[in-house]
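A short worksheet on the structure shown next.
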Amino acid sequence: MVTDYDEVRSDLKDAQNGFLEAFQSASTLAARRIVREPDEADAMADAIVAGWEFVAEELIVQIVPQADDEFTCYSCFLVRHRSQIFRKTNGRAYCLECEG
């Protein structure tokens with residue numbers, strides 16, 4: 001007897017059809033009872049990992065714009081001092097570390 005291993009098994013196909021029929025026949029009210037909105041306790045529980053301390057603190061980072069004597073390397077995208085320019089081609093500057 002030849003078996004087609006790519007074909008869905010009949011017991012699995014029946015189960016899938018049963019789930020689909022149950023889903024389609026479920027009323028909207030019953031479906032709403034299943035889904036609930038997460039509250040703050042759920043969010044905190046997800047954030048805490050066993051063995052780790054949860055710190056509810058916002059990080060404040062001051063963003064400093066690129067200075068006139070700095071450039072952004074087109075290869076590594078790091079901001080570097082212009083003394084580290086290795087070469088410029090087509091308006092793109094490359095640093096010593098990337099090209100050296």
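Filtered by the rule that a residue be of a type outside the set (Val, Ile, Thr) and within 30 Å of the chain's Cα centre (by Cα), the range 69-91 gives PHE71, CYS73, TYR74, SER75, CYS76, PHE77, LEU78, ARG80. If the condition is being in a strand (DSSP E or B), touching a residue at least 12 places away in the same chain (Cβ under 8 Å) and either in contact with a Cys (Cβ under 9 Å, 6 or more places away or on another chain) or over 16 Å from ASP68 (Cα atoms) (or both), then the range 81-91 contributes ILE85, PHE86, ARG87. In the range 41-100, what count of residues is obtained for those that are at pLDDT 70 or above and touching a helix residue (DSSP H, G or I) at 6+ places or on another chain (Cβ under 7 Å)? Residues that pass the stated criteria total 11.
The values are calculated or read from the model by the stated rules, or taken from the named source; none is laboratory data. As the structure is a prediction and not an experimental result, all values here were calculated from the model. Heads up, the Cβs are rebuilt from the backbone with ideal geometry, glycines too, and the neighbour counts pull from every protein chain shown.
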